[in-house]
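In what follows, a single structure is set out as structure tokens and then discussed.
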Amino acid sequence: MTFRPYVALTAAALAIATATSVAAQDFRALASQDLIAAQEEIRENHPALIVDGPEAAAFRTNLDSGLAEAQSMIGQVNSGDSHAYLMRFFAAGFRDSNLRITPTFDLLGPYFATSWAGVTTGWKDGQYVVTQVAPGVRRGPPVGSVVLECNGIPIEEFAMGKLDRWEGDLTTEAGRVRSAPYLLWNRNNPFTRGVPQTCKFQEGRRRARDYDLQIQPVSREAMEAAYRATVWMPGDVPLAIEEVNGRPWVHVHSLSEDADWAAFNAALVAQVDSIRGPQGFVLDLRGANGSEFTASRRAYGVANRIWTPEFTVSRQPVVGEVTYRVSADNRKWFADALGRMEADPLFVEENPVVIEETRALVAAFDAAMAAGEDSFVLPGRAPVPDTGAANPVQGPVIVLIDSGCSGGCLDVLDLLVNLPNVRLAGSTTAEDSIFVEPTIVRLPSNYADLTYGHKVWTSRERGNDEPHVPAEGLAYTGNPTDENAVRTWVASLF
């Protein structure tokens, strides 16, 4: 569920200058000032500092210890890449999926590596498994073999040191899946190990065997092929509708504003009668990553075009109470958003309720600040009684999910699980914390942005950092990148 002031904020809020050069800089000094500034911003504005609960307590323990840990590594910062890695490591220590520090310049893409041994691994059934051996690699481990150790270090310890907080949160299933290909790659992270010299692999019940890993030529094409052989990634057309095995298959693999939503929504409306038919349909949300302000609205827009708002409104999750952290920065965030809304005549005409709610929110900040309060609580939208509207969807629905479903994708799943004849299938999604609605702050170096939630949704039905997980019998256990196999399996669910 999305709060109205949240969806009202537009991409204009992100119209901040991007750094154009990372040359000739003292990155150690920049890292030091950015870490201190980020910690201070979090201390003064994050709601975890003023609420109770295990999530907030765990968050607070990292405020000082995490800073000290990151500061102890500053001596190794010598480039824009290493600066970005250290910022990511510090932010990830809070184990708050809605808090992150991201570079403002082009950095490592998902397919980047400076060296590798031609061997790529995936995360499956709690183990690191070889998913691809590049053509030309001699005496490489067999595809499907399990990694037991590298350089004499048990693989769990090795993975935690190399991947956790640097490439993903290894306390989560999605973090394991998305970062697994990098286990044996060198991603130019000076704080961790590069390509190991030797690893022990076990194929089936055969005796475990040591393999020397020989450095192989690197190219973006080879790295992308290896990653895509391991983790399902969207193609060039993330929004589409097609017929597969006699049923409509609705592809929503992105919630970004850059996708062609106008054409897709028009196609959705034109084909909705067929989608609603008794044969059922597939709503494919794999890879639907959307952390922008309007991502949840776009996801809800898809659901409402299929099921109609009249049918979904009474089935939306109850918002409950929301606690706002009172601070000058948090108040300014909403005041600035209100100013942008009021300066846009079209927005004023189309969204009078949103503007009134945002005005009331700014007034609540002012009242709390005048009273010396560090927080205030506002009730969420009251539950809407069942309108009696008929379900327009006649057949069964499979919603296909994976570790790439995050942000607004999780919000719409909170609705979809409440709709009749809807089943989630695939694999475990990403997760998000109860510290919601992002504030974005440029750090002093101008090379990184800090993003954090400035209010806490303590009454959310889905728990803190709790993903959506397919029910028993609906988890896909095959190769996630074999699209023909996936489609055959999905067809068997109807």
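In region 343-494, the C-alpha radius of gyration followed by the widest Cα-Cα span (Dmax) gives 20.8, 62 angstrom. In terms of the mean number of neighbouring beta-carbon atoms within 10 Å, the peptides 411-422, 478-489 order highest first as 411-422, 478-489. A convex hull fitted to the Cα coordinates of region 315-383 yields 92 cubic angstrom per residue.
State the percent of C-alpha pairs, over all pairs in region 434-494, separated by a distance greater than 18 angstrom. Of all Cα-Cα pairs in region 434-494, 63 percent lie more than 18 Å apart. Sorting 246-256, 154-164 by average packing, meaning the other beta carbons within 10 Å per residue, from highest down gives 246-256, 154-164.
With only Lys, Arg, Asp and Glu charged, each at its Cβ (+1 for the first two, -1 for the last two), find how big the charge dipole of the chain is about the Cα centre; round to the nearest 20 debye. Display every interim value, and only then the final one.
Numbers: 42 positive and 61 negative charges, 296 e Å.
Here the chain has a charge dipole of around 1420 debye.
If you take the Cα centroid of region 256-298 and the Cα centroid of region 367-392, the two points sit 27 Å apart.
Grab the beta carbon distance between Glu357 and Ile36, set R0 = 35 Å, and tell me the FRET efficiency rounded to 0.05.
Working: r = 36 Å, r/R0 = 1.02.
So the FRET efficiency works out to roughly 0.50.
Considering only protein heavy atoms and a probe of 1.4 Å, how much of the accessible area of the chain is carbon and sulfur, as a whole percent? Accessible surface attributable to carbon and sulfur in the chain totals 50 percent. Cα convex hull, region 257-336: 155 Å³ per residue, rounded to a whole number.
Note on Thr198 and Gln271: the model spin-label points, each 7 Å out from Cα along the C-beta direction, lie 5.5 nm apart.
Taking the highest mean first, how do the peptides 111-117, 172-178 order by number of other beta carbon atoms within 10 angstrom per residue? Walk me through the numbers before you get to the answer.
Working: 111-117: 19.1, 172-178: 21.6.
Descending packing order for the listed peptides: 172-178, 111-117.
Our coupling estimate for region 479-494, obtained by passing each phi through the Karplus curve with A = 6.51, B = -1.76, C = 1.60 and θ = phi - 60°, is 6, x, 9, 8, 5, 5, 5, 4, 5, 5, 5, 4, 4, 6, 7, 8 Hz, Gly and Pro reported as x. The distance between label points at Asp482 and Arg207 comes to 3.1 nm (points 7 Å beyond Cα on the Cα→Cβ vector).
Put simply, the Cα atoms of region 105-253 extend 50, 43, 34 Å along their principal axes, the longest span coming first.
Extension gain Glu373-Thr102, at 0.36 nm per residue separation less the Cα-Cα distance, in nm?
Values: separation 271, 0.36 × 271 = 97.56 nm, distance 3.15 nm.
Taking 0.36 nm per residue and subtracting the Cα distance, the gain is 94.4 nm.
Karplus-based coupling profile of region 90-106, in residue order and whole Hz: 4, 5, 5, x, 6, 6, 10, 5, 9, 10, 7, 10, 10, x, 9, 10, 5, with θ = phi - 60° in 6.51 cos²θ - 1.76 cosθ + 1.60 and x standing for Gly or Pro. Calculate I(q)/I(0) for region 173-331 by the Debye formula, one identical point scatterer on each C-alpha and no solvent, and give its log10 at q = 0.09, 0.11, 0.19, 0.21 Å⁻¹ to two decimals. Each listed q maps to, in turn, -0.55, -0.74, -1.25, -1.43.
For the chain, lysine pairs with C-alpha atoms less than 24 angstrom apart, excluding pairs fewer than eight positions apart on the same chain, total 4. Under 1.5 on a/c is rounded, so check that first for the chain, then, if it is not, pick prolate when a/b is larger than b/c and oblate when it is not; a ≥ b ≥ c are the square roots of the alpha carbon gyration tensor eigenvalues. Cα axes put the chain in the oblate bin. Our note on the geometry: Cα centres of region 205-244 and region 456-494, 21 Å apart. For the chain, the solvent-accessible area with a 1.4 angstrom probe is 43 square angstrom per residue. With contacts taken as Cα pairs under 8 Å at a separation of at least 6 residues, the chain carries a relative contact order of 20 percent. In region 65-143, with Lys and Arg counted as +1 and Asp and Glu as -1 at Cβ, which of these residues, His83, Leu108, Val137, has the Cα nearest the positive end of the dipole, that is, farthest along it? Of the candidates, Val137 comes out farthest on the positive side.
Remark: region 121-167 carries a charge dipole of roughly 280 debye about the Cα centre, counting +1 on each Lys and Arg Cβ and -1 on each Asp and Glu Cβ.
The values are calculated or read from the model by the stated rules, or taken from the named source; none is laboratory data. These numbers were taken from a predicted model, which means no experiment stands behind them. As a convention, Cβ positions derive from the backbone with ideal geometry for all residues, glycine included, and neighbour counts pool all protein chains shown. Please note that ligands, DNA and RNA were not included when accessible areas were found on the heavy atoms of the full protein model with its side chains. Shrake-Rupley method; radii C 1.70, N 1.55, O 1.52, S 1.80 Å.
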